[in-house]
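For reference, the structure is listed below as structure tokens.
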Amino acid sequence: MSLEEQREREKIYACWLCNFPNIGNARLRRFSESLGGPEGAYFAGREQWGKVLEPKQVEALSEYTAKWPPEVKYREMREEGIELVTISDRGYPERLKNIPDAPYCLFVRGRLPGEDIPAVAVVGARECSEYGRYVARELGTALGRHGVTVVSGMAKGIDGISQEAALEGGGTSLGVLGSGVDICYPAQNRGLYRRLTEGGAVLSTYPLGTPARPQNFPPRNRIVSGLADAVVVIEARVRSGTLITVDMALEQGREVYVVPGRLTDRLSDGCNRLIKQGAEVCLSPESFYEEILRLRENKKEKGIKPGIRRQREEASRMEKAEDDKDAGKRLTEELHTVYRAVDFYPKTAEEIGRALPEQYRGQMISYLMRLCMEEMIIQVSPGHFCRSGNPPCP
């Protein structure tokens, strides 16, 4: 048997192992390595499995194996245009191999770019503004035109817009899914999914057939940042899933760049706070591209950028304490919450209410009148309110 045939045979059993849903990444690797690889694990039997797995996992693996013929399933997967890449394969991305707890396997539909091609993760709000849409399109187009791979989660909003633009700019893009690679999520991005498989790739660490579940997305985010040289954030609220990607990027030693936004725009609160805490600023697509080239040429040392994560945590604690202090001086918790939903641009009570929990809406007019009495907001026309410019503390 040739070396190539041996590798293909190993892939068959790796496919069996990686499609088993009831085992975490670390234990999966230990299970495979302790039993001589995927093929050795397949033929080891229940007694040997029990040395690594819990009894319930052994039982589940036994039932799964009885219904999962490896050669048939592997052939079906390949006929669907899906490839399995394990951490021992030559095609496994080198960037990803060096992150903590690197995934044992990737299911890939399409073609992964070479290691010599720069890659940038572009992430941001799903419900983005027109400003965010514009920046995502401009940045994605510029990166695609310069041959930089855009990595993102194929989500609605900033993610998908930047990936579409990269492909339209003549470049490549990688979509990292929070479902099995055979499932397009969200369904409305089916066109993008198809284009990615033709001009880049979609990939996942989850077994085929895995539906998109909320708990799948934070682990997915570490793959997004792990595949990139740097991460750029376009619009993110203070409490945003995008910031999970930022934390993971910093732990992986990736540089984080942020597109600044207006001080009064809640969609930019997370971005502006990251700038305050030491993130780099992305001022234009062209200057950002030059910065990415500089990063690669200098081969900056890996690891967390000194102090940024610590600064983020400390700044978050201080800002929360300051908010609580201000609210206690002059506003009740309810009034403070309503005040923060009002912008310097006039909004109706109904528009303000939509940004608040449901329990606030019944007394919305009362809250707004009280804030007017405190001179913190003003009624600029019948039913329309905006901030007065007075801070919520004396």
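Given the criteria under 19 Å from T172 (Cα atoms) and more than 17 Å from the chain's Cα centre (by Cα), does L143 qualify?
Numbers: under 19 Å from T172 (Cα atoms): yes; more than 17 Å from the chain's Cα centre (by Cα): yes.
Against the criterion (under 19 Å from T172 (Cα atoms) and more than 17 Å from the chain's Cα centre (by Cα)), L143 qualifies.
Applying the criterion of being buried (at least 24 other Cβ atoms within 10 Å of the Cβ) and modelled with pLDDT under 90 to the residues of region 228-241, the residue that is nearest to A136 (Cα to Cα) is E235. Of the candidates G140, G144, the single residue that is touching a Leu at 6+ places or on another chain (Cβ under 8 Å), without any contact (Cβ under 8 Å) to a residue 60 or more places away in the chain, part of a helix (DSSP H, G or I) and not basic (K, R) is G144.
May I ask you to verify whether A26 is surrounded by 14 or more Cβ atoms within 10 Å (Cβ to Cβ) and within 32 Å of the chain's Cα centre (by Cα)?
On the way: surrounded by 14 or more Cβ atoms within 10 Å (Cβ to Cβ): no; within 32 Å of the chain's Cα centre (by Cα): yes.
When the stated conditions are applied, A26 does not pass them.
Which of the residues spanning region 209-222 are more than 15 Å from G253 (Cβ to Cβ) and either touching a residue at least 12 places away in the same chain (Cβ under 8 Å) or buried (at least 20 other Cβ atoms within 10 Å of the Cβ) (or both)? Hits for region 209-222 are G209, T210, P211, A212, R213, N216, F217, P218, P219, R220, N221. Of the residues making up region 127-138, none is within 30 Å of W68 (Cα to Cα) and not β-branched (V, I, T). Has region 150-165 got any residue that is surrounded by fewer than 24 Cβ atoms within 10 Å (Cβ to Cβ), of a type in the set (D, E), over 18 Å from the mean Cα position of the chain (by Cα) and over 17 Å from A249 (Cβ atoms)? Looking for residues that are surrounded by fewer than 24 Cβ atoms within 10 Å (Cβ to Cβ), of a type in the set (D, E), over 18 Å from the mean Cα position of the chain (by Cα) and over 17 Å from A249 (Cβ atoms), one finds none in region 150-165, hence no. Return yes or no: is V135 touching a strand residue (DSSP E or B) at 6+ places or on another chain (Cβ under 9 Å), open to solvent by less than 40 Å² (accessible area, probe 1.4 Å), within 30 Å of R90 (Cα to Cα) and at pLDDT 90 or above? Answer is no for this residue.
Scanning region 267-286 for residues that are assigned to a loop (DSSP other than H, G, I, E, B) and of a type outside the set (S, T, N, Q), we see that the one that is most open to solvent (accessible area, probe 1.4 Å) is L283. Beta carbons closer than 8 Å, at least 6 apart along the sequence or on distinct chains, pair a first residue in region 279-305 that is over 29 Å from R133 (Cα atoms) with a second that is open to solvent by 40 Å² or more (accessible area, probe 1.4 Å) and modelled with pLDDT of 80 or more for K302/N98; I304/E251. Would you please name the residue that is nearest to the chain's Cα centre (by Cα), looking only at residues in region 40-74 that are more than 10 Å from W16 (Cα to Cα) and acidic (D, E)? Step by step, filter region 40-74, then rank; the result is E54.
Note on region 242-266: residues that are modelled with pLDDT under 85, buried (at least 21 other Cβ atoms within 10 Å of the Cβ) and more than 22 Å from Y134 (Cα to Cα) total 0.
With respect to I99, determine if the residue is open to solvent by 40 Å² or more (accessible area, probe 1.4 Å), in a loop (DSSP other than H, G, I, E, B) and in contact (Cβ under 8 Å) with a residue 40 or more places away in the chain.
Numbers: open to solvent by 40 Å² or more (accessible area, probe 1.4 Å): no; in a loop (DSSP other than H, G, I, E, B): yes; in contact (Cβ under 8 Å) with a residue 40 or more places away in the chain: yes.
For I99, the condition - open to solvent by 40 Å² or more (accessible area, probe 1.4 Å), in a loop (DSSP other than H, G, I, E, B) and in contact (Cβ under 8 Å) with a residue 40 or more places away in the chain - is not met.
Go through region 31-72 and report how many residues are part of a helix (DSSP H, G or I) and surrounded by 13 or more Cβ atoms within 10 Å (Cβ to Cβ). Of the residues in that region, 21 qualify. Filter region 352-366 down to the residues that are over 37 Å from the mean Cα position of the chain (by Cα) and open to solvent by less than 80 Å² (accessible area, probe 1.4 Å) and list them by number. Answer for region 352-366, where residues must be over 37 Å from the mean Cα position of the chain (by Cα) and open to solvent by less than 80 Å² (accessible area, probe 1.4 Å): just S366.
When each of D229, D182, D269 is tested for being in contact with a strand residue (DSSP E or B) (Cβ under 7 Å, 6 or more places away or on another chain), more than 23 Å from E168 (Cα to Cα) and either touching a residue at least 12 places away in the same chain (Cβ under 8 Å) or not basic (K, R) (or both), the lone residue that passes is D182.
The values are calculated or read from the model by the stated rules, or taken from the named source; none is laboratory data. All values reported here derive from a predicted model rather than from experimental measurement. Note that we place each Cβ from the backbone using ideal geometry, even for glycine, and neighbour counts take in every protein chain shown. Ligands, DNA and RNA are excluded from the accessible area calculation, which covers all protein heavy atoms including side chains. Shrake-Rupley method; radii C 1.70, N 1.55, O 1.52, S 1.80 Å.
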